[in-house]
Amino acid sequence: MDAGKKRSFRRATLIAVLASVIYALIGNTFFNMAYYSDAVFTNSYWIAGVLAALYAVPVVVWFRNRYWYFPLFIPVLWVPFAIITGLLFPRLPEGAMGGGMLLLFIHILNLGAVALGVALGMAVNGIMTAWRKLNREIKAQ
C-alpha cells in the first residue's frame, strides 16, 4: 500500500472509531436523561429519530472516499464503546428499580438510531455518487 492509501485508510478507521465513541457517549447521556426525566422517556422515539438524522451527517461528510463502507463498522464498534463509556457515567442510586430495563430499552433504541443513521448516510452518499456519475455521462455526450 502506498503512503496516500495508507493515510486514507488510517483516517477512515480513526473516524469510524471516533464516531462510535461519540455515538456511545450520546447514547449513555440519553439513558441518564431518560432515567431522571419522564419527558425524555415519553419522547424517546422522537429523540431517537432526531439522533438518527444527526448520526447520518458525519457519515455523509466523512465517508465519501474509497472507504465508503467503513460506516458499517460504527454500529459494531458502538456496542463495546457503549459499555466502556457507560462506566464513565455516574451510577444509578442504590435500589433503583427499572434501571436495567430502561437501559436495555434506551440502548436498543439508540443502536437502532445509529444503524438507521449509518444506513441513511450511506444511502445519501450513494445517491450523490450516482448523481455525479450521471451528470458526468450526460456532459460527456
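The values are calculated or read from the model by the stated rules, or taken from the named source; none is laboratory data. If you're wondering where the values come from, they're calculated on a predicted model, not measured in any experiment. Glycine gets a Cβ as well: all are built from the backbone with ideal geometry, and neighbour counts include every protein chain shown. Heads up: the accessible areas ignore ligands, DNA and RNA and are worked out on the full protein's heavy atoms, side chains in. Shrake-Rupley method; radii C 1.70, N 1.55, O 1.52, S 1.80 Å.
What does the C-alpha gyration tensor say about the overall shape of the range 74-141? Classify as rounded when a/c is under 1.5, otherwise prolate if a/b is larger than b/c, or oblate. Verdict is prolate for the range 74-141.
The protection proxy used here, the mean number of other Cβ atoms lying within 10 Å of each residue, ranks peptides 31-43, 115-127 as follows, highest first: 115-127, 31-43.
Our compactness index for the chain, the C-alpha radius of gyration over the empirical 2.2 N^0.38 Å, is 1.27. Relative to the longest principal axis of the Cα atoms of the chain, helix 44-62 runs at roughly 30 degrees. Relative to the longest principal axis of the chain, what angle (0 to 90°, nearest 10) does the C-alpha long axis of helix 73-86 take? Taking Cα atoms only, the helix is inclined about 30 degrees. Where a ≥ b ≥ c are the square roots of the eigenvalues of the C-alpha gyration tensor, would you call the range 3-51 rounded, which needs a/c under 1.5, or, failing that, prolate if a/b is larger than b/c, or oblate? Prolate, since a/c reaches 1.5 and a/b exceeds b/c.
Potential lengthening of the chain between residue 3 and residue 54 amounts to 15.1 nm, from the contour at 0.36 nm per residue minus the alpha-carbon distance.
For the peptides 129-137, 44-52, the ranking by packing is 44-52, 129-137, with the highest mean count of neighbouring Cβ atoms within 10 Å listed first.
Could you provide, to the nearest whole Å², the per residue accessible area of the chain with probe 1.4 Å? Walk me through the intermediate numbers first.
Values: 9020 Å² over 141 residues.
Averaged over the residues of the chain, the accessible area is 64 Å².
Ligands, DNA and RNA left out, the 1.4 Å accessible surface of the chain is 73% carbon and sulfur atoms.
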